[in-house]
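Chemist: Below is one structure. I have some questions about it.
The values are calculated or read from the model by the stated rules, or taken from the named source; none is laboratory data. This is a predicted model, so every value here is computed, not measured. Here the Cβ positions follow ideal geometry from the backbone for every residue, glycine too, while neighbour counts run over all protein chains shown.
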Amino acid sequence: MKILLLTSRFPFPPIGGDKLRFFNILKYLGKNHETSILCFTDRKVMPDMVSHYKSYFNEIDVVYLPKVFSYVNCIFGLLKGQPLQISYYKSKKMERLVKEKLSQNKFDMVFVHLIRMAEYVKNYPIYKILDMTDAQSLNYIRAMAYTTGKWSIIHRFEKDLVRNYEQHIWRYFNKTYVVSPVDREYLKTLNKDINVEVLANGVDIEKYQFRLNNHRNSQICFIGNMRTFPNTDAVVWFSKEIFPLIKEEIPDTKFFIIGAEPSRRVRELSKMTDVIVTGEIKEINQYVWDSAVSVAPIRVGAGIQNKILESMALGTPVVTTSIGLEGIEAKPGKHLLVADTPEEFARKVVQLIKDRDLRMQISQKARSLIEEKYTWENTLRALNIL
C-alpha cells in the first residue's frame with residue numbers, strides 16, 4: 001500500500017511528543033508500506049537533516065512557511081472564525097502539492113497528523129486517517145487556569161473555535177485516533193456520535209534500556225521539550241512551590257531540568273540554588289539513570305506524557321499528578337506515585353529518595369508494565385488493519 005502522510009512540522013529529529021509520535025507511526029507503517037511525507041518548515045532544511053532517516057520513508061516534500069506568513073494567515077483566519085492553529089498552517093503551495101499528488105491516484109491512503117492539517121485532504125475521495133493525538137480544546141481549557149495576559153485571552157478564544165472544529169472534522173475521515181481514553185471520552189461529551197479510537201503512545205525499549213534504581217544519591221530530574229507551555233508550567237511550579245519543601249528535608253538534593261529550547265522563564269530558574277537547566281541534551285538516559293526520582297508535575301495538558309513512559313522504561317521512579325497519569329494504565333503506589341498539592345508532591349519525592357527498597361520495587365514494576373503494554377509494537381498494532 002502507498003501511504004501519504006501529512007504533518008505540520010519537519011519531523012526530524014524526532015524530539016518532542018508530537019514529532020516522536022509521528023516518527024514512530026512512520027517507522028511502523030514503513031515496515032510494510034511505501035510511505036511519502038508532506039510537511040512544513042519555517043527554517044532551512046539541510047540535506048543531513050534528512051539523510052539519517054531516509055530508511056524510514058520513500059520520499060519527502062518540505063514546504064517552507066515563514067512565520068510572518070503564518071501570522072498574517074491567523075489574522076485572516078480570525079475574520080473567518082477559523083481556529084488559529086488551522087489558519088497558521090494555511091498554504092497555497094501545500095494545497096497545490098496535495099492536489100498534485102492525490103490527483104495522480106498513486107496513493108491508497110492518507111494519514112493526517114493533527115487537526116491542523118485536516119483541511120488539506122478532507123474532501124478527497126480516498127481512505128483517510130486523522131490522528132488528533134490530543135483533544136486540543138481540553139488542553140486549552142486546562143491551560144486557562146494557569147495563564148495570564150495575552151495567552152489567557154488566546155486560550156479562551158481558541159478553545160471555543162477548536163472545540164467546534166473537533167466536533168465535526170472527524171466525519172470527513174474513515175478513522176480518527178486520539179492518544180488516550182480521557183481524550184476520547186472528552187470528545188464524546190462534545191458530540192456523542194463522534195467515532196474516535198485510542199492509539200496510545202509507546203516507548204522504544206531498545207533505546208530506553210532498563211537500569212535498576214538502587215543508588216543512593218538525591219538527584220531529581222524533569223525531561224521534556226521546554227518550549228511547550230505545559231512543561232514550562234510544570235518546572236516553574238515544581239521549582240518554586242515543591243522543590244523548597246524537598247530541600248528542607250534533603251538539603252543536598254539537586255533538580256535537573258532537561259529539555260530543548262528552554263524559555264527565559266525556565267532559564268531564570270537556574271538562579272535558584274541547586275536548580276540546573278541543561279538545555280538540549282542528545283542523550284538523556286544517563287541523566288535519568290543518575291536520578292533517584294523523575295518528576296512530572298503536570299497541571300496542564302491532555303493525552304499521554306511520554307516523559308513518564310520513558311522514565312518508567314529507564315527504571316527511574318516517577319512522581320506525577322493526576323493529570324500526568326491520565327491515559328497510562330499504571331497503578332499509583334505500584335508503578336509510580338501520584339500527588340496533586342505541593343506538600344503531597346514533596347512528601348512523595350522525599351519518600352522515594354529516602355526509601356531505596358521502594359524505589360527498586362517501583363523501578364522493576366514500572367519497566368515490566370512498559371514491556372507488557374507500552375512498546376510501540378504493542379500500541380500501534382491497531383494500524384495492522386491497513
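Chemist: Could you grab me the full set of residues in the stretch 165-195 that are over 16 Å from Ile328 (Cβ atoms), of a type in the set (Val, Ile, Thr) and modelled with pLDDT of 95 or more?
Modeler: If the condition is that a residue be over 16 Å from Ile328 (Cβ atoms), of a type in the set (Val, Ile, Thr) and modelled with pLDDT of 95 or more, then Ile169, Thr176 are the ones that fit.
Chemist: Here is a list of conditions, (1) free of Cβ contacts under 8 Å to residues at least 60 places away in the same chain; (2) in contact with a Ser or Thr (Cβ under 9 Å, 6 or more places away or on another chain), and Leu114 meets all of them except one; can you say which number that is?
Modeler: Leu114 satisfies all of (1) free of Cβ contacts under 8 Å to residues at least 60 places away in the same chain; (2) in contact with a Ser or Thr (Cβ under 9 Å, 6 or more places away or on another chain) except (1).
Chemist: Among (1) in a loop (DSSP other than H, G, I, E, B); (2) out of contact with any Phe, Trp or Tyr (no Cβ under 7 Å at 6 or more places or on another chain), which single condition is Thr316 missing?
Modeler: Going through (1) in a loop (DSSP other than H, G, I, E, B); (2) out of contact with any Phe, Trp or Tyr (no Cβ under 7 Å at 6 or more places or on another chain) one by one, Thr316 breaks only (2).
Chemist: Let me ask another. If you take just the helices (runs of 4 or more DSSP H) that sit entirely in the stretch 47-109, which of them hold at least 1 residues that are more than 24 Å from the chain's Cα centre (by Cα) and over 23 Å from Lys128 (Cα atoms)?
Modeler: Working: elements: 48-51, 67-80, 84-87, 92-103.
Result: 48-51, 67-80.
Chemist: Can you list residue pairs whose Cβ atoms sit under 7 Å apart, with the first residue in the stretch 243-264 being assigned by TED's automatic domain parsing to the domain that holds Val277 and touching a residue at least 60 places away in the same chain (Cβ under 8 Å) and the second being part of a helix (DSSP H, G or I) and among the charged types (D, E, K, R)? Count only pairs 6 or more apart in sequence or on different chains.
Modeler: As it stands, the answer is Leu245/Glu343; Thr253/Lys247, since those pairs meet every condition given.
Chemist: Name, by its number, the condition in (1) modelled with pLDDT of 95 or more; (2) within 25 Å of the chain's Cα centre (by Cα); (3) buried (at least 18 other Cβ atoms within 10 Å of the Cβ) that does not hold for Ser322.
Modeler: Of (1) modelled with pLDDT of 95 or more; (2) within 25 Å of the chain's Cα centre (by Cα); (3) buried (at least 18 other Cβ atoms within 10 Å of the Cβ), only one is false for Ser322: (3).
Chemist: Still on this model: Could you check the stretch 18-71 and list, in sequence order, the residues that are touching a residue at least 60 places away in the same chain (Cβ under 8 Å), over 17 Å from Val121 (Cβ atoms) and surrounded by 19 or more Cβ atoms within 10 Å (Cβ to Cβ)?
Modeler: Once the filter is applied, which keeps residues that are touching a residue at least 60 places away in the same chain (Cβ under 8 Å), over 17 Å from Val121 (Cβ atoms) and surrounded by 19 or more Cβ atoms within 10 Å (Cβ to Cβ), the stretch 18-71 yields Asp18, Leu20, Arg21, Asn24, Tyr28.
Chemist: For Tyr127, which of the numbered conditions (1) modelled with pLDDT of 95 or more; (2) closer than 26 Å to Thr41 by Cβ; (3) over 17 Å from the mean Cα position of the chain (by Cα) fails to hold?
Modeler: Against the list (1) modelled with pLDDT of 95 or more; (2) closer than 26 Å to Thr41 by Cβ; (3) over 17 Å from the mean Cα position of the chain (by Cα), Tyr127 comes up short only on (2).
Chemist: Output the residues belonging to the stretch 299-319 that are among the aliphatic types (A, V, I, L, M) and at pLDDT 95 or above.
Modeler: Quick first cut of the stretch 299-319, residues among the aliphatic types (A, V, I, L, M) only: 300, 302, 304, 308-309, 312-314, 318-319.
Across the stretch 299-319, the qualifying residues are Ile308, Leu309, Met312, Ala313, Leu314, Val318, Val319.
Chemist: Within the stretch 167-191, count every residue that is under 28 Å from Lys373 (Cα atoms), of a type outside the set (Phe, Trp, Tyr) and over 18 Å from the mean Cα position of the chain (by Cα). Please lay out each step first, then the result.
Modeler: Looking only at the stretch 167-191, we keep the residues that are under 28 Å from Lys373 (Cα atoms), and these are 170, 173-189.
Retained after the next criterion (residues that are of a type outside the set (Phe, Trp, Tyr)): 174-176, 178-185, 187-189.
Next cut, over 18 Å from the mean Cα position of the chain (by Cα) only: 174-175, 185, 187-189.
Summing the residues that are under 28 Å from Lys373 (Cα atoms), of a type outside the set (Phe, Trp, Tyr) and over 18 Å from the mean Cα position of the chain (by Cα) in the stretch 167-191 gives 6.
Chemist: Shifting gears a bit: Could you check the stretch 363-385 and list, in sequence order, the residues that are within 23 Å of Lys331 (Cβ to Cβ) and not in a helix (DSSP H, G or I)?
Modeler: Tyr374, Thr375
Chemist: Next question, about the same structure. Working carefully through the options Pro230, Pro251, Pro244, find the one that is surrounded by 16 or more Cβ atoms within 10 Å (Cβ to Cβ) and either under 25 Å from the mean Cα position of the chain (by Cα) or not in a strand (DSSP E or B) (or both). Lay out the reasoning, then the answer.
Modeler: Numbers: Pro251 fails: surrounded by 16 or more Cβ atoms within 10 Å (Cβ to Cβ); Pro244 fails: surrounded by 16 or more Cβ atoms within 10 Å (Cβ to Cβ).
Matching residue, one of Pro230, Pro251, Pro244: Pro230.
Chemist: Any residue in the stretch 360-381 that is among the basic types (Lys, Arg) and under 23 Å from Phe255 (Cβ atoms)?
Modeler: no
Chemist: With the requirement that a residue be surrounded by 15 or more Cβ atoms within 10 Å (Cβ to Cβ) and of a type in the set (Gly, Ala, Ser), what does the stretch 329-386 give you?
Modeler: Result: Ala330, Ala339, Ala346, Ser363, Ala366.
Chemist: Right, next: Does Leu358 satisfy being at pLDDT 95 or above, under 27 Å from Glu241 (Cα atoms) and out of contact with any Pro (no Cβ under 6 Å at 6 or more places or on another chain)? Working first, answer last.
Modeler: Working: at pLDDT 95 or above: yes; under 27 Å from Glu241 (Cα atoms): yes; out of contact with any Pro (no Cβ under 6 Å at 6 or more places or on another chain): yes.
Considered against the rule, which asks whether it is at pLDDT 95 or above, under 27 Å from Glu241 (Cα atoms) and out of contact with any Pro (no Cβ under 6 Å at 6 or more places or on another chain), Leu358 comes out as yes.
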